[in-house]
Amino acid sequence: MTCFAVRKGYRGRGLTYLLASSTVDHARDHGARAIEAYPMIAQRGKEITWGEAHVRVRQVFEDAGFEEVTHPTARRVVMRIDFQAG
């Protein structure tokens, strides 16, 4: 998963969390072996650009069941759900 966009006027209603969990369900139900996400890490006092904001923050993916795989930069994390593990 790379980006989510929620139309202005619908933001702040938890729709991104619903989109993430629904995407996980869809991937699992259609035979995906794994799914990855690349969220931003919101750091206090650091501005997130308009383009970066579309990839969402880590908590959205944690709540959908993703686990951290790697942390390539200070502001980016790679998260994954492996449907074949366990």
With both partners inside the chain, how many of the DSSP beta bridges are antiparallel, as a percent to the nearest 5? 90
Percent of C-alpha pairs per 10 Å bin, the chain, short to long: 17, 48, 29, 6, 0
Rounded to the nearest 10, the angle in degrees between the Cα long axis of helix 15-29 and the longest principal axis of the Cα atoms of the chain comes to 20
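Taking 0.36 nm per residue of sequence separation and subtracting the Cα-Cα distance, how much length would be gained by fully extending the chain between A34 and R75, in nm to one decimal?
So the chain would gain 12.5 nm between A34 and R75.
Read the figures in this text as sums done on the coordinates, not as results from a lab. Note that this is a predicted model, so its numbers are computed, not measured.
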